[in-house]
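See below for the structure under consideration.
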Amino acid sequence: MSPDLEPGSVRSAAQLNEQIRELWHRAGGQLSTTQRREYQLLVTQWAAAVDLERAAASGHDETAPAREGEGRQDLAA
């Protein structure tokens, strides 16, 4: 499954994480150049989704910079 490249599309961090896992599974652990670009896009979208979800959950303004100690967690293996 390739990433949804339509502007304004919104996917949850969980959906994006699943797509990342599927990409690695399909690639057998070795990404081609095209797959690496897809991976980079998915990870960027995943990080943005995590930030938005955390902001929404905490009631903070999602446009405000994160405070120290509020960094993202890595993708679960």
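The values are calculated or read from the model by the stated rules, or taken from the named source; none is laboratory data. Just so you know, these numbers come straight off a predicted model, no measurement behind them. FYI the Cβ positions are ideal-geometry reconstructions off the backbone, even for glycines, and counts take in every protein chain you see. Please note that ligands, DNA and RNA were not included when accessible areas were found on the heavy atoms of the full protein model with its side chains. Shrake-Rupley method; radii C 1.70, N 1.55, O 1.52, S 1.80 Å.
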In region 39-63, residue surrounded by the fewest Cβ atoms within 10 Å (Cβ to Cβ) [restricted to those that are farther than 14 Å from Arg11 by Cβ and either at pLDDT 95 or above or under 9 Å from the mean Cα position of the chain (by Cα) (or both)]: Gln40
Residue that is modelled with the highest pLDDT [pool: residues in region 9-38 that are assigned to a loop (DSSP other than H, G, I, E, B) and open to solvent by 80 Å² or more (accessible area, probe 1.4 Å)]: Gln30
